[in-house]
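Q: Starting off with a structure, shown below.
The values are calculated or read from the model by the stated rules, or taken from the named source; none is laboratory data. On a predicted model such as this, the values are computed, not experimentally measured, just so you know. Heads up, the Cβs are rebuilt from the backbone with ideal geometry, glycines too, and the neighbour counts pull from every protein chain shown. Only protein heavy atoms, including side chains, enter the accessible area calculation; ligands, DNA and RNA are left aside. Shrake-Rupley method; radii C 1.70, N 1.55, O 1.52, S 1.80 Å.
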Amino acid sequence: MYLEIVTPEASLVSGEVESVTVPGVEGEFQMLNNHAPIVSVLAKGKVKFSGNPTIAEGFENKFKKEDGKWILEITSGTVEMNNNKVIVLAD
């Protein structure tokens with residue numbers, strides 16, 4: 001599936017991933033390939049994804065890598081999954 005992570009500063013991530021985990025307001029949840037369409041508000045926490053998408057030049061320091069997953073700390077945002085594309089709008 002395709003992942004995009006966008007912040008007010010820039011588009012941070014774009015590319016193919018195997019899974020995406022986000023901090024929903026009701027708790028953390030994961031999306032895998034061909035997940036049902038969803039739109040959700042995100043709470044403060046960690047966006048985690050596995051795969052090798054492109055991370056925008058100059059923003060690599062915003063990401064950590066733990067247990068084979070990339071991690072981005074966010075304070076809030078929204079996520080939309082539709083047609084095997086995940087878009088995270090994050091603060």
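Q: With unit charges on the beta carbon (Lys/Arg positive, Asp/Glu negative), name the residue among Gly68, Tyr2, Leu42 whose Cα is farthest towards the positive pole of the charge dipole of the chain.
A: Gly68
Q: A follow-up question, please. What are the ³J(HN,Hα) couplings of region 66-74, residue after residue, when phi is run through the Karplus curve with 6.51, -1.76, 1.60 and θ = phi - 60°? Round to Hz, x for glycine and proline.
A: Running phi through 6.51 cos²θ - 1.76 cosθ + 1.60 with θ = phi - 60° gives 9, 6, x, 10, 7, 10, 10, 7, 10 Hz.
Q: Within region 22-60, name every residue whose backbone N is under 15 Å away from a label modeled 7 Å from Cα of Glu4 along the Cβ vector.
A: Under 15 Å, as judged by backbone N against the label point of Glu4, lie 54-56 of region 22-60.
Q: HN-Hα J couplings of region 77-82 from phi, Karplus 6.51/-1.76/1.60, θ = phi - 60°, integer Hz, Gly and Pro as x?
A: x, 9, 9, 10, 10, 7
Q: Of the heavy-atom accessible surface of region 5-44 (probe 1.4 angstrom), what whole percent is carbon and sulfur?
A: Accessible surface attributable to carbon and sulfur in region 5-44 totals 54 percent.
Q: Continuing with the same structure: Could you check the simple spin-label distance between Glu66 and Glu80, using points 7 Å along Cα→Cβ, in nm with one decimal?
A: Reported label-point gap for Glu66 and Glu80 is 3.0 nm.
Q: Can you give me the long-range amide H partners of Ala43? Hydrogens built in the peptide plane at 1.01 Å from N, cutoff under 5 Å, separation of 5 or more residues or another chain.
A: Distant-sequence amide H within range of Ala43: Gly24, Val25.
Q: Taking the Cβ of Thr21 as the centre, find all other residues whose Cβ is under 15 Å away and add up their charges (Lys, Arg: +1; Asp, Glu: -1). Before the final figure, lay out the partial values.
A: On the way: positive: Lys44, Lys46, Lys48, Lys64, Lys65, Lys69; negative: Glu18, Glu26, Glu28, Glu66, Asp67, Glu73.
Local net charge: 0.
Q: Moving on to the next point. Any idea what the dipole of the chain comes to, in debye rounded to 20, about its Cα centre with Lys/Arg Cβ at +1 and Asp/Glu Cβ at -1?
A: Computed charge dipole of the chain: roughly 100 debye.
Q: With +1 on each Lys and Arg Cβ and -1 on each Asp and Glu Cβ, how big is the dipole of region 34-76 about its Cα centre, in debye rounded to the nearest 20?
A: Roughly 140 debye, rounded to the nearest 20.
Q: Excluding residues on the same chain fewer than 8 positions from Lys69, give the aspartates and glutamates whose Cα lies under 16 Å from its Cα.
A: Correct list for Lys69: Glu4, Glu16, Glu18, Glu28, Glu60.
Q: For Ser76, enumerate residues with amide H under 5 Å from its amide H, sequence gap 5+ or separate chain, H modeled in the peptide plane.
A: Residues meeting the criterion, in which the H sits 1.01 Å from N, are Asp91.
Q: Another one. Among Gln30, Gly51, Leu12, whose Cα sits farthest toward the positive end of the charge dipole of the chain (+1 at Cβ of Lys/Arg, -1 at Cβ of Asp/Glu, about the Cα centre)?
A: Comparing the listed Cα positions along the dipole, Gln30 ranks first.
Q: Might you tell me the accessible area per residue for region 30-91, computed with a 1.4 Å probe and given in Å²?
A: 60 Å²
Q: Answer with a single label: of (1) 18.0, 68; (2) 11.7, 33; (3) 24.2, 80, which was calculated as Rg and Dmax of the Cα atoms in Å from the structure in view?
A: Computed from the coordinates, Rg and Dmax of the Cα atoms in Å corresponds to (2).
Q: Output the relative contact order of the chain, whole-number percent, from Cα pairs under 8 angstrom with separation of 6+ residues. Before the final figure, lay out the partial values.
A: On the way: 219 pairs, mean separation 31.4, N = 91.
Contact order relative to length: 35 percent.
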